[in-house]
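To keep things clear, I will list the structure first and then write my remarks on it.
The values are calculated or read from the model by the stated rules, or taken from the named source; none is laboratory data. Everything numeric here is computed off the predicted structure, so don't read it as measured data. Positions of Cβ are backbone-derived with ideal geometry, glycine not excepted, and every protein chain shown enters the neighbour counts.
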Amino acid sequence: MKFLVLIGDGMGDFPLKELDGKTPLMVAKKPYMDMMASRGVCGKVITVPEGYPPGSDIACMSLFGYDPKKYYTGRAPIEFYGMGHEMGKDDVAFRCNLVYLDKKNNKWLMGDYSGGHISKEEAISLISSLNEGIKEESVSFFPGLGYRNIMLWKNGKWMIESVPPHDIQGQEIEGYLPKGEGSNFLIEIMEKAKKILSEHKVNIERRKKGLIPANAIWLWGQGKKADFLPFKERFGLSGATVCAVDLIKGISRLAGFFTPHVEGATGYLDTDYSAKAKKAIELLSDFDVVYIHVEAPDEASHEGKIDEKIKAIENIDSKILGPIYEQKKGELRFLIVTDHFTPISLKTHYASPTPFVIFDERMGNTSSISKYDENLSETIYSPDDLLYKFFTKDIP
């Protein structure tokens, strides 16, 4: 038996008046998810332990079988590892978003947490200029995927309060700047970056085209080096992951999974869903379990785009889940799950038990559920219980 875990990032939502009191998952056309719900084992899983922020770092770590209370040191170190880098035990990695700060009434607001979803090529140019222009021996910048980048502070401070930029869209930044020991240094770095980026040739060209400039950086999600127990030691299974964003690549590589590059996987709404399905099918020939992570529903939620979120869910169903099911019918056990809620109304993450479905062809019709959505059974599992049930328990 082989296993496929499909994580739709941020698919969970609240009922919306624009959808007559339904959620995007409820109205999306997703025949494969719904079929699996009607014939599988359904429930909800707590992906975010009490007291932890409801980010994809925490939630996806849980879904890979790693208790954040034991393994979590911060988001940025995971992403840094996902980029293929190593860090010293006293180094601190920070997530470094390229953002757009909007000045109104002499105050700076978080205009866009993604710098207008700046391209990978543009971001590389901006990050290169930061490395050239910020003369601090202890600080280095590393390009990631578009707006998602990393700053490494050698022998730095990390007991600092920081806020994700997607949590403060449209708000004044003054009250959300880093706080704690070392925060003044970070704010100085952010000010220096603003001066370099505001008149950078990339942003000059973006303004000419009517695009939002990435005129600043935002530092958050800091942490020290992470260390995971190999997944194979835990479950006795070899694994691989199909994903685009460095955060998931980092979790995957820390778990000891193979994490290939997927051409066309962007971590955004324009990602190549079919390429992800094709790569997953290839990997299933060589590995026991394949995780597929799709960022698109989460990005649509952060931007408040209801139609795009519905479209992303439908694409996951028709272009990823459907083709894999049709080609591997009877050979695979499926786990369909979302890592956390990202409600359109909030435009940020929300901790709530998330719906899951376990399905394989041997089950027959065992469920009274007709759709995969937030209204699944209130039977709530811990991540450990869910993964034990999925990977090791024989389900009739």
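Selection within the range 324-349: residues that are among the polar types (S, T, N, Q) and within 15 Å of the chain's Cα centre (by Cα). The member of this set that is surrounded by the fewest Cβ atoms within 10 Å (Cβ to Cβ) is Thr348. Counting only residues that are touching a strand residue (DSSP E or B) at 6+ places or on another chain (Cβ under 9 Å), over 20 Å from His293 (Cβ atoms) and modelled with pLDDT of 95 or more, the range 326-342 holds 0 of them.
Against the list (1) out of contact with any strand residue (DSSP E or B) (no Cβ under 9 Å at 6 or more places or on another chain); (2) part of a helix (DSSP H, G or I); (3) in contact (Cβ under 8 Å) with a residue 24 or more places away in the chain; (4) not polar (S, T, N, Q), the condition Gly304 fails is (2). Among the residues of the range 146-181 satisfying the criterion of being of a type in the set (A, V, I, L, M) and buried (at least 21 other Cβ atoms within 10 Å of the Cβ), which is farthest from Ala214 (Cα to Cα)? For the range 146-181, the residue satisfying everything is Leu152.
Among the residues of the range 276-296, just one is in a loop (DSSP other than H, G, I, E, B) and under 13 Å from Gly8 (Cα atoms), namely Glu295.
Answer yes or no: is there a residue in the range 362-383 that is under 15 Å from Met1 (Cα atoms) and at pLDDT below 95. Yes, the range 362-383 contains at least one residue that is under 15 Å from Met1 (Cα atoms) and at pLDDT below 95. Evaluate the range 88-105: report whether one residue or more is polar (S, T, N, Q), part of a loop (DSSP other than H, G, I, E, B) and on the phi < 0 side of the Ramachandran plot. No, every residue in the range 88-105 fails to be polar (S, T, N, Q), part of a loop (DSSP other than H, G, I, E, B) and on the phi < 0 side of the Ramachandran plot. The residue that is nearest to Leu346 (Cα to Cα), counting only those in the range 49-63 that are hydrophobic (A, V, I, L, M, F, W, C) and either in contact with a strand residue (DSSP E or B) (Cβ under 7 Å, 6 or more places away or on another chain) or surrounded by fewer than 17 Cβ atoms within 10 Å (Cβ to Cβ) (or both), is Cys60.
Within the range 237-248, the set of residues being assigned to a helix (DSSP H, G or I) and touching a strand residue (DSSP E or B) at 6+ places or on another chain (Cβ under 7 Å) comprises Asp246, Ile248.
Test Asp9 against the criterion of being within 21 Å of the chain's Cα centre (by Cα) and touching a residue at least 12 places away in the same chain (Cβ under 8 Å), and give yes or no.
Yes, satisfied.
For the range 167-188, a tally of residues being over 21 Å from Asn106 (Cα atoms) and of a type in the set (A, V, I, L, M, F, W, C) returns 2. The condition (being more than 24 Å from Ser377 (Cβ to Cβ) and of a type in the set (Phe, Trp, Tyr)) is satisfied by just one residue among Phe80, Phe64: Phe80. Close contacts from the range 77-103, counting a first residue that is within 13 Å of Ser140 (Cα to Cα) and a second that is β-branched (Val, Ile, Thr) and surrounded by 24 or more Cβ atoms within 10 Å (Cβ to Cβ), with Cβ to Cβ under 9 Å and a gap of 6+ residues or different chains, come to Phe80/Ile150; His85/Ile150; Ala93/Ile78; Ala93/Ile150; Phe94/Ile150; Arg95/Ile150; Cys96/Ile150; Cys96/Ile217. Within the range 324-351, residues that are among the charged types (D, E, K, R) reach partners that are part of a helix (DSSP H, G or I) with beta carbons closer than 6 Å, at six or more positions or on different chains, in the pairs Asp339/Ser56; Asp339/Ala59; Asp339/Cys60; Lys347/His302. For the range 311-323, the criterion of being assigned to a strand (DSSP E or B), buried (at least 24 other Cβ atoms within 10 Å of the Cβ), hydrophobic (A, V, I, L, M, F, W, C) and in contact (Cβ under 8 Å) with a residue 40 or more places away in the chain is met by none of the residues. If you go through the range 120-145 and pick out every residue that is of a type in the set (Gly, Ala, Ser), modelled with pLDDT of 95 or more and out of contact with any Phe, Trp or Tyr (no Cβ under 7 Å at 6 or more places or on another chain), you end up with 5.
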